[in-house]
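Q: Sharing a structure, written as structure tokens. Questions coming.
The values are calculated or read from the model by the stated rules, or taken from the named source; none is laboratory data. What you see is a predicted model; the values in this text were computed from it and never measured. Virtual Cβ from ideal backbone geometry, glycine too; neighbours counted across all protein chains shown. With ligands, DNA and RNA removed, areas are computed over all heavy atoms of the protein, side chains included. Shrake-Rupley method; radii C 1.70, N 1.55, O 1.52, S 1.80 Å.
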Amino acid sequence: MGTSDTTSIHTDMQRASFGHNACLYLAGTIRADDIERRLGQYYGVGTGSGPLLLDFTDAEYIDIAALVNCIALMLHRYEAKQLTFFAHPAKKAVRDFLQVWRFPEAVSDAIGVPFSNFLLANDLHYLNEPQTTYTGRGDGIDALEYDPDWSPQSDSPRNFFEFLSFFKQDRQAISPEGQFLYAPRRVSRRWAEPSILEVLATHMSGDSPKEEIARILIFEAVSNAVRHPSARVIQVVSKFERKFHKKSPAHGSDTSHSEKGWATNKEALRICVWDDGESIDMTLRNALELGPIQAFPIPPFLCERIFVQLRDFEGNKKYEGVVDESDRLTSRSVHSARLLLMSLFPGVSRAISQRVPQVKPFEDPDETAPRKKLMEGHLAQITAPKPNLEAEGVGFEISYDGKPQLGKEIEKHSEKKNDINQISSYLASGPGMGLYALRRTVLDQFQGTLFIRSGRYRLIIEVAHDAFRKQYNVRYKCKITEYPKWIPSFRGNLLILQLPTLCARQ
Amino acid sequence: MSFVSLEILIGSAGYRRIEPRIVNFHNNIAPLLFPNLMPGDRLGLTHSCSIDHRRSLYEPVTLGTILSEALSHCIGEKNDIDMCIVDLSSNPFISVREPLLLVLVDWIVVECKKGRCNSFVVLLPGLPGERGVTTRQLNNLSQLLPDSRWDVILVAPSGETRAYSPSAHAVPNIRTQYFNLFKEAHDSADNRIKKKIVRRLGHFRTLYPREGRSKCRQYSFYLHDCAEEMGYMLSKWWEEKEGDCVGVLYDLKNNPSFRHVLRSFADARSLRAERITDVCQDPELAKELSRFGLFALVLDVLDSGTTLRQHIEDLSNLGIKLSKNVLVGINKSGHVDSACDEFRVNGFVSATREAEEEKCIQCQLGLAISDDAEDPYLKIRSYDMLSVALEHPWVSEPILEVPGHIGYGYDLIPDFTSILREHGRWLSYKIHRFLKEGNCPDDWFVVHPNEPDSSSITDSLQEWCNGALAVVRIPRPEITKTQEAGNDWDSVLSTAAEEDWVEQLNSLSDTGALIVDVFNASGSTARSLAALLRHMKIVPFGYFCLVNFAPGRDIGGVPNFALYDWYNPRKLKTKA
């Protein structure tokens, strides 16, 4: 034990080989938070360089985000030449869940080595174990989760919600071209199929068009991942989390949910999109070094106020205040948490600094100019008068020493002057609207919750409830957790879109 | 009074002439929403405009420039118009990204400010969410256009409208009329599905387990890429025939899309949906179902009727009550509707029954059995190619297609015209699958010699791509002239600048092109077309042909793929 050979099967490894401090014991219902809490304890007592066992033996239920978290951790440790092992759940239904969601294949796709390399000797036989929990019988969600008539030659997946991976065979960084440029459409097209749309319409709450999940949420989340620098793998996985079966006489009896391990307290559709690229805050910070990351003045009616709370890993409050989306960022020493939050603001994009926009409206073409020239980047910055900027102490600006400061470096548009001519020049097209549209759709259209785990931060944002909204005059509330430096940064970026289902809203 | 209409295709490279059915569609819509307008008030005939996927993803703002350009073309010398129809309804809804819609709204604001137009009708494949970004922008137009008058009406394919106007312009209820016009202008699901049935060649086997025998077939019918059409037709069939049933019992092993569509359809209507296999193998389930009312049977295919009869017998023996109406994906009786004993069978499409082989040569040759449900091969098997070639006459190569200055024509080759007439859809399905599986850049178009056989391939390919594929056809005489000039296109292009194909290529710079031909004999046509594309700053990303008689020969550095490699290169003339 203690060697760093991460490339082969370790036939001598048993559960007993791992002491208390080398084991992440995960029992009962396991969510990403549980893994991170246990990780905090693990890294808190040592360097973490020795072999580590992710012990799911007593797992009753595993959240899909927890699985993504495991993959990110396993990848990080594999590249650091640290051994990691995965102990299968004792409960057959939970093992079947891992198999039906293709977790073993997802690990192999992300890391580039067989899943068996991460298994204990006693667990190797689970790889060939036939699954018996899922039959495809029941309602439309059951049918999507498992297709008993599926054949390996099929174009479509056996389980609609299973892990889907995009990576280059040579494991080089993904660039947004070819099949990867195609990836957002490929995934969103699946979510726009009549069968899934009908199931979404049946099981999702609200009257929002369910096509918006494919058109905005899936498309923008995946296209955002495709564009993350240094990403070598992108994975998409989803699941309808249900507490109990919708019992309709027509649906008959199916394997009970407790048998399937559906012991969850939130009924929702959860969609995870993960890439192993550079963290969002770092990407924006690097872009900020080159120039502005906000493209243009945004119409005030598109900007909202957000109540933000920043906490450390132990839950201690580090900052609390209101951030206005119309604040213009001018400081390069902005706190990373703020940058992560800003990635969801309208018109914020790392792409701004990478090009010099032609400041022209949608002009009539010069008839003599070749079409190609006309097609070159006409950014939608309308010939607007320069916005009247005035410094105001709003938002949170935190210096690197971690002390909150009033945002002297943050400028705010003057809305009070109500200069209608000025406002009329604000238009909303341009780069940086994709994630913003996604956020708005998750929170406002579907009344859902958006989670981002990236680098040293976790962000949760949702619509503020009435009392909160009135008290702070905000539309959203956002909680950001800062992880300590002694826990390895989360590998890549994970977006979790949580949309309530019909049962959850009733 | 005057109006214009602009059709926008997303994800299609280049532009093309707007189709007459779309022009009629627009002409008929204008008076529905603005009664003062008449079809004759339409100004200009524009090309369909397109924004490719790359730009829609990275530079959605390009759409604004494209719209402005198109509008200028349409209105010509006129300073303003009364109404503009922007038609995005031909695109899948997922392609209409929210940032694109924001650009569209901004463009409307700019045009209103310029005073060129104040009334816009936007035809969409779906309405954006009421709490989404675009809707928020539209709801606040009064802040962006404080001093202007404007009307913006969004229309969904169902005819549902959403209007934005400071004058509270009442939009008439156009649901039924619009829905019918839309159906007329866009191919109906019933028609589309008929074009999506593929007769695949292979080594297929029908099992008759009760009789302990099996029979082989050389053909298998397959419904490709038509989940949407099946959903629509299933819904229509259910409303017409099966309103009283409590559920469906299905055997859809060979049609994954159909079973997904059926399961979600049943879920949405709280109908019981069970596989016939499960019912027959699980006595408890059968007992439970026998207590319910009528069940409808749904099968992927009706062949001889043996399987259907077996299912009926088994289920009836279990006490399950069956509806007399049966739905099948493909009805091989030769008719869409037929009867099987006292059961009425309705199909989505009809086909003729494939002959079953008494003595299967493929079995004797030890060829693997093909899967009716899936086609794992991108290429054509030798057995299929040879049997197709032998079924049709052999002819000498058309003299006009022979690059006479380079080599000699073939005395005998398979008659590709008749092969394509019979198998064109299957061959184009193969090409479509190859391209769909990511073997192409994101934005691309097809270029080929303007000859009937290659045109029939690309016409068929267009259908698989739902019309969203730009095709440029290059006249053969121009290719020949250029070949004689050492593939130098300068002189041909200088005299053909006004030709459609040159204009099309001019609009396609920075995209990728796939060269398509029926067969490759020496690579000369492909090299010449590759030279043309490079001359126009277009990347030829691949060369695709049905049969490659010269496999391994360089085609101007362009990666090439053939459905079948058949070594028989053209005899070349030696240079003096």
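Q: Do the conditions hold for A:SER205, that is, is it in contact (Cβ under 8 Å) with a residue 24 or more places away in the chain, closer than 30 Å to A:MET433 by Cβ, of a type in the set (S, T, N, Q) and within 12 Å of chain B (Cβ to nearest Cβ)? Break it down into steps so the answer makes sense when it comes.
A: On the way: in contact (Cβ under 8 Å) with a residue 24 or more places away in the chain: yes; closer than 30 Å to A:MET433 by Cβ: yes; of a type in the set (S, T, N, Q): yes; within 12 Å of chain B (Cβ to nearest Cβ): no.
When the stated conditions are applied, A:SER205 does not pass them.
Q: If I filter the range B:338-359 down to residues being crowded, with 17+ Cβ neighbours inside 10 Å and at pLDDT 90 or above, which single residue comes out as farthest from B:ILE193 (Cα to Cα)?
A: Restricting attention to the range B:338-359, the residues satisfying the condition of being crowded, with 17+ Cβ neighbours inside 10 Å are B:338, B:340, B:343, B:345-351, B:354.
When the remaining residues are screened for being at pLDDT 90 or above, the result is B:338, B:343, B:345-350.
Working: B:SER338: 19, B:PHE343: 24, B:VAL345: 18, B:ASN346: 14, B:GLY347: 11, B:PHE348: 8, B:VAL349: 7, B:SER350: 11 Å.
Within the range B:338-359, the match that is farthest from B:ILE193 (Cα to Cα) is B:PHE343.
Q: Now a separate question. How many residues does the range A:173-192 contain that are at pLDDT below 90 and either buried (at least 21 other Cβ atoms within 10 Å of the Cβ) or facing another protein chain (nearest Cβ under 9 Å) (or both)?
A: Residues that pass the stated criteria total 13.
Q: While we're looking at this one, here's another question. Looking at the range A:122-159, which of the residues that are under 18 Å from A:LEU98 (Cα atoms) and of a type in the set (Gly, Ala, Ser) is farthest from the other protein chains (Cβ to nearest Cβ)?
A: Going through the qualifying residues, I end up with A:GLY136.
Q: Taking the residues in the range A:286-312 that are in contact with a helix residue (DSSP H, G or I) (Cβ under 6 Å, 6 or more places away or on another chain) and within 22 Å of A:LYS479 (Cβ to Cβ) as candidates, determine which candidate is surrounded by the fewest Cβ atoms within 10 Å (Cβ to Cβ).
A: Only one residue fits best here, namely A:PHE307.
Q: Which count do you get for residues in the range B:191-220 that are in contact (Cβ under 8 Å) with a residue 40 or more places away in the chain, more than 14 Å from the chain's Cα centre (by Cα) and either outside the structural domain of B:GLY231 (by TED's automatic domain parsing) or part of a strand (DSSP E or B) (or both)?
A: 15
Q: Here is a follow-up. Among the residues of the range B:276-290, write down those that are within 12 Å of chain A (Cβ to nearest Cβ) and out of contact with any Cys (no Cβ under 9 Å at 6 or more places or on another chain). Please lay out each step first, then the result.
A: Within the range B:276-290, the first condition is being within 12 Å of chain A (Cβ to nearest Cβ), and the residues that meet it are B:276-279, B:281-282, B:284-289.
The answer is B:ILE276, B:THR277, B:ASP278, B:VAL279, B:GLN281, B:ASP282, B:GLU284, B:LEU285, B:LYS287, B:GLU288, B:LEU289.
Q: When the residues of the range B:229-259 are narrowed to those that are at the interface with another protein chain (Cβ under 8 Å from one of its Cβ atoms) and not in a helix (DSSP H, G or I), which ends up most open to solvent (accessible area, probe 1.4 Å)?
A: B:LYS253
Q: Being more than 16 Å from A:ASP123 (Cβ to Cβ) and in contact with a helix residue (DSSP H, G or I) (Cβ under 7 Å, 6 or more places away or on another chain) is the filter here, so list the residues in the range A:102-112 that pass it.
A: Hits for the range A:102-112 are A:ALA106, A:ALA110, A:ILE111.
Q: Given (1) more than 25 Å from B:LEU207 (Cα to Cα); (2) assigned to a helix (DSSP H, G or I); (3) not small (Gly, Ala, Ser), where does B:LEU262 come up short, assuming only one miss?
A: If we test B:LEU262 against (1) more than 25 Å from B:LEU207 (Cα to Cα); (2) assigned to a helix (DSSP H, G or I); (3) not small (Gly, Ala, Ser), just (1) comes out false.
Q: Show the residue pairs that are 6+ apart or on different chains and have beta-carbon atoms under 8 Å apart, the first residue being within the range A:223-238 and under 22 Å from A:TRP101 (Cα atoms) and open to solvent by 20 Å² or more (accessible area, probe 1.4 Å), the second being of a type in the set (D, E, K, R) and assigned to a loop (DSSP other than H, G, I, E, B).
A: Cβ pairs passing all conditions: A:ARG232/A:LYS168; A:ARG232/A:ARG171; A:ARG232/A:ASP276.
Q: In this structure, does B:ARG162 turn out to be part of a strand (DSSP E or B), charged (D, E, K, R), closer than 30 Å to B:LEU427 by Cβ and not assigned by TED's automatic domain parsing to the domain that holds B:SER428?
A: Values: part of a strand (DSSP E or B): yes; charged (D, E, K, R): yes; closer than 30 Å to B:LEU427 by Cβ: no; not assigned by TED's automatic domain parsing to the domain that holds B:SER428: yes.
It is false that B:ARG162 is part of a strand (DSSP E or B), charged (D, E, K, R), closer than 30 Å to B:LEU427 by Cβ and not assigned by TED's automatic domain parsing to the domain that holds B:SER428.
Q: Filter the range A:273-303 down to residues that are assigned to a loop (DSSP other than H, G, I, E, B) and modelled with pLDDT of 90 or more, then give me how many there are. Reasoning before the result, please.
A: Applying the first criterion (assigned to a loop (DSSP other than H, G, I, E, B)) to the range A:273-303 yields A:276-279, A:291-293, A:295-299, A:303.
Checking the rest, the ones that are also modelled with pLDDT of 90 or more come to A:276-279.
Number satisfying all stated conditions: 4.
Q: Let me ask something additional. Considering only residues that are touching a strand residue (DSSP E or B) at 6+ places or on another chain (Cβ under 8 Å), of a type in the set (Gly, Ala, Ser) and farther than 15 Å from B:VAL23 by Cβ, which ones fall in the range B:73-95?
A: If the condition is that a residue be touching a strand residue (DSSP E or B) at 6+ places or on another chain (Cβ under 8 Å), of a type in the set (Gly, Ala, Ser) and farther than 15 Å from B:VAL23 by Cβ, then B:SER95 is the only one that fits.
Q: Oh, and also: So which of A:VAL226, A:VAL199 ends up being more than 7 Å from chain B (Cβ to nearest Cβ) and not hydroxyl-bearing (Ser, Thr, Tyr)?
A: Values: A:VAL199 fails: more than 7 Å from chain B (Cβ to nearest Cβ).
Answer to the selection: A:VAL226.
Q: Further, regarding this structure: Looking at the range B:97-123 only, could you name the residues that are within 26 Å of the chain's Cα centre (by Cα) and at the interface with chain A (Cβ under 7 Å from one of its Cβ atoms)?
A: Passing the criteria: B:ARG97, B:GLU98, B:PRO99.
Q: So which of B:HIS53, B:HIS26, B:HIS73 is within 14 Å of another protein chain (Cβ to nearest Cβ), surrounded by fewer than 24 Cβ atoms within 10 Å (Cβ to Cβ), farther than 24 Å from B:PRO166 by Cα and in contact (Cβ under 8 Å) with a residue 40 or more places away in the chain?
A: Among B:HIS53, B:HIS26, B:HIS73, only B:HIS53 is within 14 Å of another protein chain (Cβ to nearest Cβ), surrounded by fewer than 24 Cβ atoms within 10 Å (Cβ to Cβ), farther than 24 Å from B:PRO166 by Cα and in contact (Cβ under 8 Å) with a residue 40 or more places away in the chain.
Q: Which ones in the range A:119-142 are under 24 Å from B:ASP278 (Cα atoms), in contact (Cβ under 8 Å) with a residue 40 or more places away in the chain and of a type outside the set (S, T, N, Q)?
A: Passing the criteria: A:TYR134, A:ARG137, A:GLY138, A:ASP139, A:GLY140, A:ILE141, A:ASP142.
Residue-by-condition table, conditions (1) closer than 16 Å to B:ARG259 by Cα; (2) modelled with pLDDT of 95 or more; (3) surrounded by 14 or more Cβ atoms within 10 Å (Cβ to Cβ):
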| residue | (1), (2), (3) |
| --- | --- |
| A:HIS125 | no, no, no |
| A:ASN128 | no, no, no |
| A:GLY136 | yes, no, yes |
| A:ASP139 | yes, no, yes |
| A:ALA143 | yes, no, yes |
| A:ASP149 | yes, no, yes |
| A:SER154 | yes, no, yes |
| A:PHE166 | no, no, yes |
| A:GLN169 | no, no, no |
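Q: Continuing with this model, one more query. Being in contact with a strand residue (DSSP E or B) (Cβ under 6 Å, 6 or more places away or on another chain) and either among the polar types (S, T, N, Q) or open to solvent by 40 Å² or more (accessible area, probe 1.4 Å) (or both) is the filter; apply it to the range B:146-165 and report the residue that is nearest to the other protein chains (Cβ to nearest Cβ).
A: So, considering only residues that are in contact with a strand residue (DSSP E or B) (Cβ under 6 Å, 6 or more places away or on another chain) and either among the polar types (S, T, N, Q) or open to solvent by 40 Å² or more (accessible area, probe 1.4 Å) (or both), the one nearest to the other protein chains (Cβ to nearest Cβ) is B:THR161.
Q: Of all residues in the range B:135-145, which are facing another protein chain (nearest Cβ under 8 Å) and either among the aromatic types (Phe, Trp, Tyr) or open to solvent by less than 10 Å² (accessible area, probe 1.4 Å) (or both)?
A: If the condition is that a residue be facing another protein chain (nearest Cβ under 8 Å) and either among the aromatic types (Phe, Trp, Tyr) or open to solvent by less than 10 Å² (accessible area, probe 1.4 Å) (or both), then B:GLN137, B:LEU144, B:LEU145 are the ones that fit.
Q: Oh, and also: Among (1) more than 8 Å from chain A (Cβ to nearest Cβ); (2) modelled with pLDDT under 85; (3) open to solvent by less than 20 Å² (accessible area, probe 1.4 Å), where does B:VAL61 come up short?
A: Only one criterion is unmet by B:VAL61, namely (1).
Q: Could I ask something else about it? Just need a number here: residues in the range B:406-437 that are of a type in the set (A, V, I, L, M), part of a loop (DSSP other than H, G, I, E, B) and in contact (Cβ under 8 Å) with a residue 24 or more places away in the chain. Explain how you work it out, then say what you get.
A: Step one: filter the range B:406-437 for residues of a type in the set (A, V, I, L, M), giving B:406, B:412-413, B:419-420, B:427, B:431, B:435.
In the following step, the residues that additionally are part of a loop (DSSP other than H, G, I, E, B) were identified as B:406, B:412.
From what's left, in contact (Cβ under 8 Å) with a residue 24 or more places away in the chain: B:406.
Matching residues across the range B:406-437 total 1.
Q: Checking the conditions here, which among B:ILE413, B:ILE406, B:ILE399 is of a type in the set (A, V, I, L, M) and either open to solvent by less than 20 Å² (accessible area, probe 1.4 Å) or outside the structural domain of B:PRO551 (by TED's automatic domain parsing) (or both)?
A: After ruling out the rest, the residue left standing is B:ILE413.
Q: Regarding A:PRO89, is this residue touching a strand residue (DSSP E or B) at 6+ places or on another chain (Cβ under 7 Å) and assigned to a loop (DSSP other than H, G, I, E, B)? Give the steps one after another, and end with the answer.
A: Working: touching a strand residue (DSSP E or B) at 6+ places or on another chain (Cβ under 7 Å): yes; assigned to a loop (DSSP other than H, G, I, E, B): yes.
Against the criterion (touching a strand residue (DSSP E or B) at 6+ places or on another chain (Cβ under 7 Å) and assigned to a loop (DSSP other than H, G, I, E, B)), A:PRO89 qualifies.
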